[in-house]
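Peer 1: Handing you a structure now.
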Amino acid sequence: MNQRLTLSTALLLTVPPLLWAGNAVVGRMVSGLVPPITLNFLRWALAFLILLPLAAWVLGRGSPLWPNMRRYALLGLLGVGCYNALQYLALKTSTPINVTLVASSTPVFMLGMGALFFGQRIAGRQIAGGVLSMAGVLLVLSRGDLGHLAQVRFVPGDIYVLVATAAWAWYSWLLTRPDDPPEIRRDWAAFLMAQVVPGLAWSALFAGGEWAGGGQAIAWGWPLAAALVFVAVGPAILAYRCWGLGVQRVGPNVAGFFSNLTPLFAAVFSTLFLGDRPHLYHAVAFVLIVGGIVVSSRK
């Protein structure tokens, strides 16, 4: 952890925001086909099946997963059970551009949690970058009118995304803890499978609650099947693999600012596939967020 940021690591950390932006757009496209929390359960169920041939040994009786279940249950709750379920829920009342821009508060949560709970010192440039990023987030939350920020009314999706972002920051810091058995840590498929197993249980529990509350019916068909394949292979398996490796190399504080690339990709995808027109305040917010990345990464 905390190695120098190289080009290969930068490219590695660019893959997750690209896939997460696609995840937000696809989640919005299928919001009328499947309930949001059920969508999260289905994506991880499919991811589990894909990982099974690669890491089936993790489920064995003598696997180090079981003695360390407390750690993986927490990782599974934050990264698998909560994060994307809340994002899919947010897309019911918000747009992919808004959702990904609000999620750009990730660096602020990363810095705050690192300082409060993980003994990390915050540099002045990181505070300045966090302020710029948060200004961009506030601009989105106010729908472009900072003068009316005191009277702004949050849509439910904005709140869901902020909670999801806090969960992701906590999850990312936990990845840096050297608490994993070596045989799991050195095998990326096993490491992800160890999180998916309890995470799938959390997801099933939450989906059951959604159905008990009268969730919408699932409209099975090729559009939903194609969406499930994408969100399971891309935003789930590939993105989590790249993010976990990147965080282990440079730490959550540096990695967190790469998540701010997600709104750029989301704006492009939304324009291409959903016909959502970006507003001027989206552009201003993005400039502020990119400014936060530049300021925070300067030496």
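Just so you know, all these numbers are worked out from the coordinates, no wet-lab data involved. Only a predicted model underlies this, so the values are computations on that prediction, with no experimental measurement involved. Backbone-built Cβ (ideal geometry, glycine too); neighbour counts: all protein chains shown.
Peer 1: Relative to the present Cα-Cα distance, how much length would full extension add between A219 and L116 at 0.36 nm per residue of separation?
Peer 2: In short, 32.6 nm is gained.
Peer 1: Over the chain, calculate the relative contact order: mean separation of alpha carbon pairs under 8 Å at least 6 apart, over the residue count, as a percent.
Peer 2: 41 percent
Peer 1: Considering only A225, A166, A207, give the residue with the highest GNM mean-square fluctuation for the chain, with springs between Cα atoms whenever their separation is below 10 Å.
Peer 2: Looking only at A225, A166, A207, the biggest GNM fluctuation is shown by A225.
Peer 1: Moving to a separate point now. Determine the gain in length on full extension of the stretch R61-A10; use 0.36 nm per residue of separation and subtract their C-alpha separation, reporting nm with one decimal.
Peer 2: Once the chain is fully extended between R61 and A10, it gains 14.5 nm.
Peer 1: I need the peptides 77-90, 187-200 ranked by packing, meaning the mean over residues of other C-beta atoms within 10 angstrom, with the highest value on top.
Peer 2: 77-90, 187-200
Peer 1: Set Lys and Arg Cβ to +1 and Asp and Glu Cβ to -1, take the dipole of the chain about its Cα centre, and tell me which of G124, G76, Y160 lies farthest positive.
Peer 2: In the chain, that residue is G124.
Peer 1: Between F230 and T93, how many nm apart are label points set 7 Å from Cα along the C-beta direction?
Peer 2: Each label point is offset 7 Å from its Cα along the Cβ direction, giving 2.6 nm.
Peer 1: Moving on to the next point. With charges set only on the Cβ (+1 for Lys and Arg, -1 for Asp and Glu), what does the dipole of the chain come to about its Cα centre, in debye to the nearest 20?
Peer 2: Dipole size: approximately 560 debye.
Peer 1: Using DSSP to call loops (not H, G, I, E or B), can you name the trypsin sites (Lys or Arg not before Pro) in the stretch 181-286 whose Cβ has at most 13 other Cβ atoms within 10 angstrom?
Peer 2: R186
Peer 1: For G244, what is the net charge nearby, where nearby means another residue's Cβ is under 13 Å from its Cβ and Lys, Arg count +1, Asp, Glu -1?
Peer 2: Local net charge: +3.
Peer 1: Compute the distance from the alpha-carbon center of the stretch 247-277 to that of the stretch 97-111, in whole Å.
Peer 2: Comparing the Cα centres of the stretch 247-277 and the stretch 97-111, I get a distance of 9 Å.
Peer 1: Expressed as a whole number of Å, what is the distance separating the alpha-carbon centroids of the stretch 1-45 and the stretch 197-240?
Peer 2: If you average the Cα positions of each part, the centres end up 13 Å apart.
Peer 1: A further question on this structure: Could you list the chymotrypsin sites (Phe, Trp or Tyr not before Pro) in the stretch 206-283 that lie in coil according to DSSP, counting only those with at most 14 other Cβ atoms within 10 Å of their Cβ?
Peer 2: Those satisfying the criteria are W220.
Peer 1: Determine, from the Cβ-Cβ distance of M29 and R185 and an R0 of 51 Å, the FRET efficiency 1/(1 + (r/R0)^6), rounded to the nearest 0.05.
Peer 2: Efficiency at R0 = 51 Å is approximately 0.90.
Peer 1: On to the next question. Quick check on packing: order 57-68, 122-133 by the mean number of other C-beta atoms within 10 Å, highest mean leading.
Peer 2: 122-133, 57-68
Peer 1: Hey, another quick one. Sum -39500 (n - 2.57) across every DSSP H segment of at least 4 residues in the chain, then divide by the residue count to get the 222 nm mean residue ellipticity, nearest 500.
Peer 2: Taken over the chain, the calculation gives -21000 deg cm²/dmol.
Peer 1: In the set (1) 23.0, 69; (2) 17.9, 52; (3) 18.6, 60, which value of Rg and Dmax of the Cα atoms in Å was calculated from the structure you see?
Peer 2: From the options (1) 23.0, 69; (2) 17.9, 52; (3) 18.6, 60, the structure gives (3).
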